[in-house]
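Engineer: What follows is a structure written as structure tokens; I'll ask about it next.
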Amino acid sequence: MTLKTFSRRRMLRGLAAGGAISVGLPFLDCFLNENGTALASTGTRLPVRFGTWYWGLGLPPGHWEPQPTANGSYEFPALLSMLSPYREKLTVFSGMRVDADGKSTEPHDSGANCIFTGVMSQHTAAPGKSLDQSIAEVIGGGTRFRSIQMVCNGNPEVSMSSTGANAVNPSEVSPLALYTRIFGQGFTEPGADSFTPDPEIMVRESALSAVGEQRRELLQLVGAEDRRRLDQYFTSLRDLENKLAVELSEPEPMPACSVPEPPEEVADRSVMIDDVKRRHDLFAELLAHALACGQTRVFNLALSHGNANIRKKGNPTHHHAHSHEEPVDEQLGYQPMTTWFSLEYMKLLGNMLATLENFREGDGSLLDNVLMYIPTDHGNARLHSLQDIPLFLAGGAGGRVHTGQYLPLRGQTITRVGLTVQQLMGVPVGSWGTGANEVSSPIGEIVA
């Protein structure tokens with residue numbers, strides 16, 4: 001085998017437990033030009049990916065907005081301090097709104113539907129095609145998965161992605177199942193009409209063990225920097241497999257342990273925030289592998305639906321109820337428990353950005369070649385307000401985006417961001433939205 005045997009589309013292939021295993025390769029220096037920005041063989045630039053990251057119930061008004069600095073930059077308040085390491089790779093919008101267009105609205109759905117589809121709906125169902133699917137039509141070809149949807153509260157019906165009216169793309173709720181989708185290819189049981197990959201066997205046998213010989217040969221052929229990058233990649237994949245294996249292992253006996261009465265079934269649909277956080281971070285790692293190895297170029301990750309039912313351990317009241325029932329603390333100026341949930345969500349966003357940033361690609365990171373669209377459903381969730389809705393963009397989209405900006409666009413229609421994002425990703429659209437939310441002027445400040 002020679003280095004020419006391996007190409008960008010080449011996968012390491014092997015067998016595990018009688019089934020086919022494939023492990024895609026990240027972009028290595030040997031595939032790239034001298035600048036690390038394009039494929040050496042064709043001159044094609046590194047692919048740009050797109051994703052959405054959604055959370056419900058907004059952020060506390062007056063406590064999340066960045067503060068401009070004298071040098072033209074901005075500083076995050078405490079609520080967003082965990083995003084500070086990525087400030088130069090973020091674009092922050094404040095003051096934008098969804099126009100109700102004279103219609104009655106469905107709390108937590110009308111605004112979010114407009115932000116994702118451009119249509120101000122009066123019902124909960126998706127009113128049209130979401131922008132991620134328009135983008136997938138442009139950049140999603142040639143990948144195993146046109147798009148990947150994930151949700152962290154265990155409810156597969158929660159998805160902001162739709163191919164048309166009432167045609168929602170269901171979300172994956174299990175990181176383990178997503179792992180199987182990414183690394184399980186063409187499993188067939190001898191003599192059987194069909195065979196479903198066993199996640200436990202896949203994890204314990206390890207996809208890496210199945211392709212071990214090819215992996216060793218490749219490590220001998222590449223240069224020192226590619227060897228370091230491959231070693232980092234394979235190590236992180238093995239670490240992720242180990243994390244997933246924990247969920248399949250029987251815990252060691254504990255002397256003081258006793259067995260209570262069985263609780264209600266919550267294994268797959270737990271809304272406890274610790275479970276939500278664990279799912280999110282596993283999804284983030286799996287997603288980074290899928291993006292880096294060309295399995296997909298479009299993703300959608302939601303923490304929960306707008307009327308978030310996420311709970312804190314020991315507290316029977318969920319986030320949505322807190323947002324409406326909890327009084328504003330006069331000294332703090334905000335709702336303490338409601339804001340606690342917002343803080344936890346922003347920490348998860350920081351984790352997502354860190355995961356993408358830590359994947360090195362070419363002369364930068366995976367985050368540099370991704371554009372993330374990060375909205376919520378309301379401004380002031382307590383009032384179901386469609387004014388002053390927080391929205392972020394993250395990543396450089398391969399140099400297409402002028403990042404590191406805070407843009408307070410008070411009173412402007414939020415669909416301008418969706419239009420701009422689609423144009424940046426190559427969608428041939430001159431206007432976007434319907435009724436009072438139809439716009440034809442992109443936000444030029446963010447176009448590089």
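Engineer: Kindly indicate whether any position in the stretch 92-109 is buried (at least 24 other Cβ atoms within 10 Å of the Cβ), among the polar types (S, T, N, Q) and in the same structural domain as residue 411 (by TED's automatic domain parsing).
Structural biologist: Just the residues of the stretch 92-109 that are buried (at least 24 other Cβ atoms within 10 Å of the Cβ), to begin with: 96, 98.
With among the polar types (S, T, N, Q) added as a condition, the list becomes none.
No, there is no match, as no residue in the stretch 92-109 is buried (at least 24 other Cβ atoms within 10 Å of the Cβ), among the polar types (S, T, N, Q) and in the same structural domain as residue 411 (by TED's automatic domain parsing).
Engineer: Same structure, new question: Do we find a residue being under 11 Å from residue 57 (Cα atoms) and buried (at least 17 other Cβ atoms within 10 Å of the Cβ) anywhere in the stretch 342-363? Lay out the reasoning, then the answer.
Structural biologist: Our first condition is that a residue be under 11 Å from residue 57 (Cα atoms); within the stretch 342-363, this holds for 342, 345.
If we keep only those that are buried (at least 17 other Cβ atoms within 10 Å of the Cβ) as well, we get 342, 345.
Within the stretch 342-363 (the criterion being under 11 Å from residue 57 (Cα atoms) and buried (at least 17 other Cβ atoms within 10 Å of the Cβ)), the answer is yes, since at least one residue qualifies.
Engineer: Shifting gears a bit: Residue check: is residue 196 at pLDDT below 85 and in a loop (DSSP other than H, G, I, E, B)?
Structural biologist: yes
Engineer: OK, next. Mind listing just one residue for me: the one in the stretch 73-84 that is in contact (Cβ under 8 Å) with a residue 60 or more places away in the chain and under 13 Å from residue 346 (Cα atoms) and, of those, surrounded by the most Cβ atoms within 10 Å (Cβ to Cβ)? I'd like the intermediate steps shown before the answer.
Structural biologist: Taking the stretch 73-84 as the starting set, the residues that turn out to be in contact (Cβ under 8 Å) with a residue 60 or more places away in the chain are 73-74, 79-80, 82-83.
Keeping just the survivors that are under 13 Å from residue 346 (Cα atoms) gives 79-80, 82-83.
Values: 79: 17, 80: 24, 82: 18, 83: 20.
My answer is 80.
Yes or no, residue by residue, for (1) among the hydroxyl-bearing types (Ser, Thr, Tyr); (2) outside any strand (DSSP E or B); (3) over 17 Å from residue 95 (Cα atoms):
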| residue | (1), (2), (3) |
| --- | --- |
| 342 | yes, yes, yes |
| 373 | yes, no, no |
| 393 | no, no, no |
| 403 | yes, yes, yes |
| 429 | no, yes, yes |
| 445 | no, yes, no |
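Engineer: Let me ask you something else. Can you confirm whether residue 390 is over 23 Å from residue 48 (Cα atoms) and crowded, with 17+ Cβ neighbours inside 10 Å?
Structural biologist: Working: over 23 Å from residue 48 (Cα atoms): yes; crowded, with 17+ Cβ neighbours inside 10 Å: yes.
The answer is yes for residue 390.
Engineer: Moving to a separate point now. Hey, among the residues in the stretch 307-329 that are of a type in the set (Gly, Ala, Ser) and within 18 Å of residue 379 (Cα to Cα), which one's surrounded by the fewest Cβ atoms within 10 Å (Cβ to Cβ)? Let's see the steps before the verdict.
Structural biologist: Applying the first criterion (of a type in the set (Gly, Ala, Ser)) to the stretch 307-329 yields 308, 314, 321, 323.
Still in the list and also within 18 Å of residue 379 (Cα to Cα): 308, 321, 323.
Values: 308: 26, 321: 16, 323: 26.
By that ranking, first place goes to 321.
Engineer: Can you work out which of the residues in the stretch 341-386 that are in contact with a helix residue (DSSP H, G or I) (Cβ under 6 Å, 6 or more places away or on another chain) and polar (S, T, N, Q) is farthest from residue 304 (Cα to Cα)?
Structural biologist: 365
The values are calculated or read from the model by the stated rules, or taken from the named source; none is laboratory data. Being a predicted model, the structure only gives us computed values, none of them experimental. Here Cβ is always computed from backbone atoms with ideal geometry, including for glycine, and neighbour counts include all displayed protein chains.
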